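Below you'll find the structure, written out as C-alpha cells, and then a few comments.
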Amino acid sequence: MSILEIALASHIWARRREKRPLGLDDADALKVLLRIAFVFVAFTLLISGLNLVAGRPQMLADGSAPVVTGR
C-alpha cells in the first residue's frame with residue numbers, strides 16, 4: 001500500500017470512531033419543520049386526489065350547518 005492509501009484508510013477509520021454530539025441547532029429544526037410541511041402538503045394532495053377520483057370533491061359549505069330540530 002502506498003502512503004496515500006494508508007493515510008486515507010486511517011482517516012476513514014478515525015471518522016468512524018468519532019463521536020458526534022447529539023445537539024440540535026437551528027438548521028436541524030428548520031429541516032424538521034420543512035419535512036413536516038412537506039408531509040402535510042403531500043397528505044392533503046393525496047386525500048384531494050382520492051376524493052376527485054371517487055367523484056365527490058370536498059367543498060366549503062355555502063352556509064351554516066342546518067340545526068337539528070324536533071328532538
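The values are calculated or read from the model by the stated rules, or taken from the named source; none is laboratory data. In this text the structure is predicted, and so the values were computed from the model without any measurement. No Cβ is skipped: glycine too gets one built from the backbone with ideal geometry, and neighbour counts run over all protein chains shown.
Odds and ends about this structure:
- Residue within region 37-56 that is at pLDDT below 85 and part of a loop (DSSP other than H, G, I, E, B) present: yes
- Flag if R71 is part of a helix (DSSP H, G or I), at pLDDT below 85 and out of contact with any strand residue (DSSP E or B) (no Cβ under 8 Å at 6 or more places or on another chain): no
- Among the residues examined, R16 does not qualify as charged (D, E, K, R), out of contact with any Leu (no Cβ under 8 Å at 6 or more places or on another chain) and modelled with pLDDT of 90 or more.
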